[in-house]
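Asker: My structure is below; once you've seen it, I'll send some questions.
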Amino acid sequence: MIRRSVGFMESFYRKDSTGTKATHYCPGCGHGIIHKLIAEAIVDLGVQDRTIFVSPVGCGAFCYYYFDCGHVAGPHGRASAVATGIARALKDKVIIAYQGDGDLGAIGFNNAFQAANRGEKFACFFVNNSIFGMTGGQMAPTTLPGQKTTTSPFGRDVAQSGHPLRVCEVLSQLEAPVYIERVSVADTKRIMQARKAVRKAIEIQRDGKGYAFVEFLAQCPTNWRLDALKSSDFVTEEMEKYFPLGCFRDRSAEAPASYAPVPQKSLAELFGEGESARDQEPDLSFAERSFKFAGFGGQGILSLGLVLAEAAGRAGHYVSWFPSYGPEQRGGSASCSVVLSGREIGSPSVDRPDVLVALNQPALERFLPAVHPGGVVVYESAIQMELNPPAGVRVFPVPALRLAVENEVPKAANTAMLGAMTALKLHPLGEEEILAVLRDSFHGKANLVEKNRVIFRKALEWVQQNPC
Ligand SMILES: Cc1ncc(C[n+]2csc(CCOP(=O)(O)OP(=O)(O)O)c2C)c(N)n1
Ligand code: SF4
Ligand SMILES: [Mg+2]
């Protein structure tokens, strides 16, 4: 019996109930074959648990329905940019960017090209079916001369639309890529070669050797208006003429391996006992802690979160800082989310903060109801508002604005809040660790450094002298 690779999910549960066993691809589509090669490879090479797949916009957009590994859905044409970010942040992962010829060759060409030029550590799987499949068959950068599409009904005219883009040949001019190969999935013999190429590209990622690029000539029977067999013939007889198969670069043997597993400290090691205390009575010893900082634009809300995240990062914690921009920057509300953890952080967004720091009333109105049971709210005591915190949430008013004004830096209420948080032990950092970041952020302005240090200290002492 032929069994689906365990690289695929057993049931495609993200799909609606009508299709949990089948993919959404049309019969004879090249995407399905390529998926199978990738799913088998990540399992056989033992990297399924550390693979992160970046899906494109195009018919491959639903990759995350199928592969049983980590996923990020890239915006149109940006899979290589997203893969770059992930590869730089999570150096022990195997990153796969999966892109079509519209996605990579048209809207996303520059960022794919630049990522290749920088030699980013990910595998780029490029599905060239010579057409925009998902949107109904428009001309792509790889459409063949004379090929009819909905936007070139008389055939591609190279005088008007340029020549098809040979991406492997272009990337071969760059120094950085370790491996570049063009394969086809038109018949069994070619699929076997494609299988080898997929494995090589993933092996390069497994060993941390650098950038690998595999182009697949693939069928799109639906938009080519051909049946599955004739589509395979079209790939071999027409596409291969323009896009010759073969290996353009293979430096995998000499490229130095750089894979080193990222040490995962236990949560208890970093924060003490109590990893799963979240659902118990008020207790701030839990290990991963999420913060929401909110106030007016201009109150230094984003910097407040950033200083904490920076100090925690320097101290060896996993951190994320997620600002909220937009009209909020121009005097309205501003907020940011910070997560400190002893392990990799799943999501930087914070819907239910453990700690809310609010510098204005709209911030309290908006975020107080969402504070996690057992959490803490530190807020500006000048806010005149009746508080109804969720059960088990403790609230601490702090005169941050007054302390900032009294010490001649009215804008430093954010620094006062850092001092208060330190006194309340809402984060695992010492006074010196926070002050070191403040010193660096005011680099060259000794006067400001000193005033902020004083405000930080005054707030810390105020909290110690006024226990709630
Ligand atoms: C910013 C933006 N522009 C355009 C589109 C429309 N669009 C969706 S998929 C696509 C092209 C997909 O073609 P390709 O990358 O070749 O993938 P295929 O479906 O052929 O596998 C386009 C232009 C979009 N979704 N977003
Ligand atoms: S439209 Fe083309 S590329 Fe998209 S699923 Fe169908 S055959 Fe595949
Ligand atoms: Mg396409």
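Asker: Got a sec? Which helices (runs of 4 or more DSSP H) wholly within the stretch 173-255 have at least 3 residues that are more than 16 Å from ligand 3 (Cβ to nearest atom), surrounded by fewer than 24 Cβ atoms within 10 Å (Cβ to Cβ) and not polar (S, T, N, Q)?
Answerer: Output list reads 188-206, 228-234.
Asker: Looking at 47, 57, which is the one that is in contact with a helix residue (DSSP H, G or I) (Cβ under 7 Å, 6 or more places away or on another chain), within 13 Å of ligand 2 (Cβ to nearest atom) and either under 24 Å from residue 78 (Cα atoms) or not hydroxyl-bearing (Ser, Thr, Tyr) (or both)?
Answerer: On the way: 47 fails: within 13 Å of ligand 2 (Cβ to nearest atom).
Exactly one residue qualifies, and that residue is 57.
Asker: Can we say residue 35 is touching a strand residue (DSSP E or B) at 6+ places or on another chain (Cβ under 9 Å) and part of a helix (DSSP H, G or I)?
Answerer: yes
Asker: Touching a residue at least 12 places away in the same chain (Cβ under 8 Å), outside any helix (DSSP H, G or I) and among the hydrophobic types (A, V, I, L, M, F, W, C): does that describe residue 43?
Answerer: no
Asker: Now for a different question. Could you go through the stretch 405-413 and let me know if any residue there is of a type outside the set (Val, Ile, Thr), out of contact with any strand residue (DSSP E or B) (no Cβ under 9 Å at 6 or more places or on another chain) and within 17 Å of residue 305 (Cα to Cα).
Answerer: Here is the first cut: in the stretch 405-413, the residues of a type outside the set (Val, Ile, Thr) are 406-408, 410-413.
Restricting the remaining residues to those that are out of contact with any strand residue (DSSP E or B) (no Cβ under 9 Å at 6 or more places or on another chain) gives 406-408, 410-412.
Within this subset, residues satisfying the condition of being within 17 Å of residue 305 (Cα to Cα) are 411-412.
Checked the stretch 405-413: at least one residue is of a type outside the set (Val, Ile, Thr), out of contact with any strand residue (DSSP E or B) (no Cβ under 9 Å at 6 or more places or on another chain) and within 17 Å of residue 305 (Cα to Cα).
Asker: Here is a follow-up. With the requirement that a residue be out of contact with any helix residue (DSSP H, G or I) (no Cβ under 7 Å at 6 or more places or on another chain) and charged (D, E, K, R), what does the stretch 104-120 give you?
Answerer: Once the filter is applied, which keeps residues that are out of contact with any helix residue (DSSP H, G or I) (no Cβ under 7 Å at 6 or more places or on another chain) and charged (D, E, K, R), the stretch 104-120 yields only 118.
Asker: Sticking with this structure for a sec: Taking residue 66 and the conditions (1) touching a residue at least 40 places away in the same chain (Cβ under 8 Å); (2) within 15 Å of the chain's Cα centre (by Cα), which numbered condition does it fall short on, given that it satisfies the others?
Answerer: (2)
Asker: So which pairs qualify, if the first residue must be in the stretch 229-245 and touching a residue at least 40 places away in the same chain (Cβ under 8 Å), the second must be assigned to a helix (DSSP H, G or I), the Cβ gap must be under 6 Å, and the two must be at least 6 apart or on different chains?
Answerer: These pairs meet every condition: 231/221; 231/224.
Asker: Still on this structure, please answer the following. Which of the numbered conditions does residue 57 fail, given that it passes all the others? Conditions: (1) within 16 Å of ligand 3 (Cβ to nearest atom); (2) surrounded by fewer than 18 Cβ atoms within 10 Å (Cβ to Cβ); (3) of a type in the set (Val, Ile, Thr).
Answerer: (2)
Asker: Take the residues in the stretch 427-468 that are outside any helix (DSSP H, G or I) and hydrophobic (A, V, I, L, M, F, W, C); name whichever of them is modelled with the highest pLDDT.
Answerer: The extreme case among them is 429.
Asker: So, in the stretch 53-86, exactly how many residues are within 12 Å of ligand 1 (Cβ to nearest atom), assigned to a helix (DSSP H, G or I) and not small (Gly, Ala, Ser)?
Answerer: 3
Asker: Shifting gears a bit: Could you identify the single residue in 32, 28 that is under 27 Å from residue 226 (Cα atoms), surrounded by fewer than 21 Cβ atoms within 10 Å (Cβ to Cβ) and free of Cβ contacts under 8 Å to residues at least 12 places away in the same chain?
Answerer: Values: 28 fails: free of Cβ contacts under 8 Å to residues at least 12 places away in the same chain.
Unique residue meeting the criteria: 32.
Asker: Taking residue 48 as meeting all but one of (1) within 16 Å of ligand 1 (Cβ to nearest atom); (2) surrounded by fewer than 20 Cβ atoms within 10 Å (Cβ to Cβ); (3) among the polar types (S, T, N, Q), write down the number of the exception.
Answerer: Failed condition: (1).
Asker: Applying the selection to the stretch 88-114, what residues are within 12 Å of the chain's Cα centre (by Cα) and modelled with pLDDT under 95?
Answerer: Result: 88, 89, 90.
The values are calculated or read from the model by the stated rules, or taken from the named source; none is laboratory data. As the structure is a prediction and not an experimental result, all values here were calculated from the model. Ideal geometry is used to build each Cβ from the backbone, glycine not excepted, and the neighbour counts take in all protein chains shown.
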